[in-house]
Structure formats: C-alpha cells, structure tokens
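Input: a single structure, listed below in structure tokens.
The values are calculated or read from the model by the stated rules, or taken from the named source; none is laboratory data. Every value quoted in this text rests on a predicted model; they were computed, and no experiment measured them. For neighbour counting, all protein chains shown are included, and Cβ atoms are generated from backbone atoms with ideal geometry for every residue, glycine included.
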Amino acid sequence: MSLMQTLSRGDRGGAVLDIQARLGSLGHPIDPNEHGNFGPSTEVAVRTFQERRHLIVDGIVDEHTWAELVEAGYSLGDRVLYLRYPYFRGDDVRDLQAGLNLLGFDAGREDGIFGGRTDRAVHDFQRNVGLPPDGIVGVTTVEGLRRLRPVGPGPGRADVREGEALRRLSASLQGARIAVDAGHGAGDPGFLGARGLSEAEVALQIAEDLAVELESRGAVPFLLRTPSENPSTGDRAARANELGVEVLVALHLGSDEDPAAAGASSFYYGREGWHSQGGKRLAELIQHELAEVAGRPDRGAHPKALPILRETQMPAVHVEPSLLSNPEEEGRLREESFRRSVARAIAGAVERFFAGEVATSDATPGTESAESAQPAR
C-alpha cells in the first residue's frame, strides 16, 4: 500500500486485503464476505483500532492510521533494534522503552521511536547486566530485559523525568522559549467554512496574535511557519526540538458534522498506559481559559497520538479554539477582536502553566466524548 493512498468505505483491492489482515491479527474481526472489500465491518474495525490507539476516529485509513497499523504489528523480539535513521518505530520499541524506564534506565518518552535517548538507555542497561554494550537489541538483550523487568505497574523513569523537568520550569514567562505552530499552510487550506474562511488562514492569524501576546509577557516565541510555507509535520517537530523550546502550541480549527456544534477542544500526547503530564496540564489550563471567552462551550482536553505531539520532546498541545463548521463561529473568527481574545486566553494559560498552576476540577468538564471531540486533520 502506498503511504500516500487513502482508503475508506467502498474501496476494494489488495491494499484493503492487507489492512484487513493486519486488523484481524490485532484482534479486530472482519466479516469474511468483505474479503478485499472495505465494507461495514472493516470500517467498524478501523474505528475501533483508531479509538484504542488514540487516533482521529473516522474509519478512514490514511497515512497516519496505516503507519499505526504497521507499528502495532511488532512485538518486542520480532526484529533486531538499534539506532539508525530513519528511526525504528513500533510497539516493540515502546515496550522496550517501558521496560528500560521501569528499571530506572532513562529511555525517554514511551513514544515508540528508537532515538538517541533510547539508544543511551540500551547501552547503560547492557553495561549494568554484563552484556556487550553495543546498543543492539537482539535476543540476548530482550531476554535480559524480560528477566529483570519488575512485575506490576509503577512509575517509570520517563514519568519521574518529566515530573522533574516540570518542576525545573521557570516560575514566569520571562525568557521562556515557546513554539507556536499554525496548522496547514501554503497549498493546504485545511477545513473551509461555509463562507469560505480557511483553517490555514485563521490559524496563522491567531498564531501571530499569540506570538505578539506571549512576547508582551516576556516570552520568546517562535512561529514554525510563514504564510508562504507548509512544512511537513516531521519538519515542524524537528524545528521545535532543535530550537530547544520549553512548550509547543499547535493551532488548528475544528470541524463537526453537526453545524450547530460549538466550542473549543485541546489535545495532548497520550496512548495506552502513558500520557504527557505537562501536555495534559497545559491543555486543561487552555480549556479553562478558552471557556471564559464569551462563555464558550468546553469540549474538553483529550489524549491523542497526533504526530506533532508524539515527535516533539517538550510539553505540546494541539488547540482548536473554535469550530469552523459552525457558521456563527466562522463569523466570529473573521473578527480581529475575537481572534485576539483567543490569543490572550491561550497566552494566559501558558503563563499559568509556567507558574505551576493546575486547572480546577470543574474547569474542563469535557462534555464531549473522546471520539466526538475530534482533532482537525
């Protein structure tokens, strides 16, 4: 299957067969009568898989869902792992990271990406158990890890390390380096409102207002794209990592099948058994502040395994302050005063985040389910 191919209900062929086989091997049964046909049971299986993996739940197999299907098929020990570029990605890597972290070896975030921190943790583990410190995770290293891995859950090194990093943050925005990413870009307008307003245009306007607001509060903001650019998600994440920013805010506009649906949603990195503590706290603070903007509905803060959240190394959030599918909200987004109020609300949340504040328990009721509050593509 081509990585650029998108498959959905009604499609047929070998690529659909491949998807069905992978879903079946992961415990998502497909109606035998749909052999090679993307029918109702295939769509249900895709949606179930997406929900369990904290992806956008739409029943469509795009590049991101396909990559997740491939990664989900790997168990630790299925292949030899080591540091290379492009990095190994998969559930086997995530299991390796979890095992190393539980033993006190700092493999970093359990994101399923075999990067430099995971490589260093493998070397440290091998040295400590008397194995050749070659960084190659083969049969011997896997067996050693399984033999020593603690029984039962517990805080891993990644959780401890993130908690320590959050405590080390400055108590103010003064000098804080913040990445602001406006979704989509040149040649990719994103979602289009009924009156023609594009997600890319509004996201950039809010991003520029947010950068001004953050700078006025003493922060050092970095916009990850200009009006004429549309970097890939990987390039945006890489730039944020290279800049050494302390927080990333990615701005999009949401959409909903119901044109009357309204309100703001925020998303932070999370998947089965793990989420970013910092991302969650920042997302909840942003939801609290956005709910104060003209008393707008709060669609909640939710964990999602979006690429921009997975591939960045700092607390990161994907924020959708309005639904562009709502004609009334589209009209408000055309107003400069409203966009600036959104930017002020997000900046206020970032400032509270650096001050160590936590959203109050009733601040983000999350009236929408994790599936109904879907991040924009």
#### Entry: Given (1) at pLDDT 95 or above; (2) closer than 18 Å to TYR269 by Cα; (3) basic (Lys, Arg), index of the condition ARG84 fails
(2)
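Table: residues versus (1) assigned to a loop (DSSP other than H, G, I, E, B); (2) modelled with pLDDT under 75; (3) not assigned by TED's automatic domain parsing to the domain that holds LEU323.
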residue	(1), (2), (3)
GLU143	no, no, yes
ARG147	no, no, yes
VAL151	yes, yes, yes
PRO155	yes, yes, yes
ALA158	no, yes, yes
ILE178	no, no, no
ARG195	yes, no, no
GLN205	no, no, no
#### Entry: Filtered residues of the stretch 260-283 (kept if in a loop (DSSP other than H, G, I, E, B) and surrounded by fewer than 22 Cβ atoms within 10 Å (Cβ to Cβ))
ALA260, ALA261, ALA262, GLU272, GLY273
### Message
Looking at the structure I just gave you, is LEU81 crowded, with 21+ Cβ neighbours inside 10 Å, in contact (Cβ under 8 Å) with a residue 40 or more places away in the chain and in contact with a His (Cβ under 8 Å, 6 or more places away or on another chain)?
### Response
no
### Residue that is small (Gly, Ala, Ser) and surrounded by fewer than 20 Cβ atoms within 10 Å (Cβ to Cβ), where the choices are GLY104, GLY108
GLY104
### Residue within the stretch 322-344 that is in a strand (DSSP E or B) and buried (at least 24 other Cβ atoms within 10 Å of the Cβ) present
yes
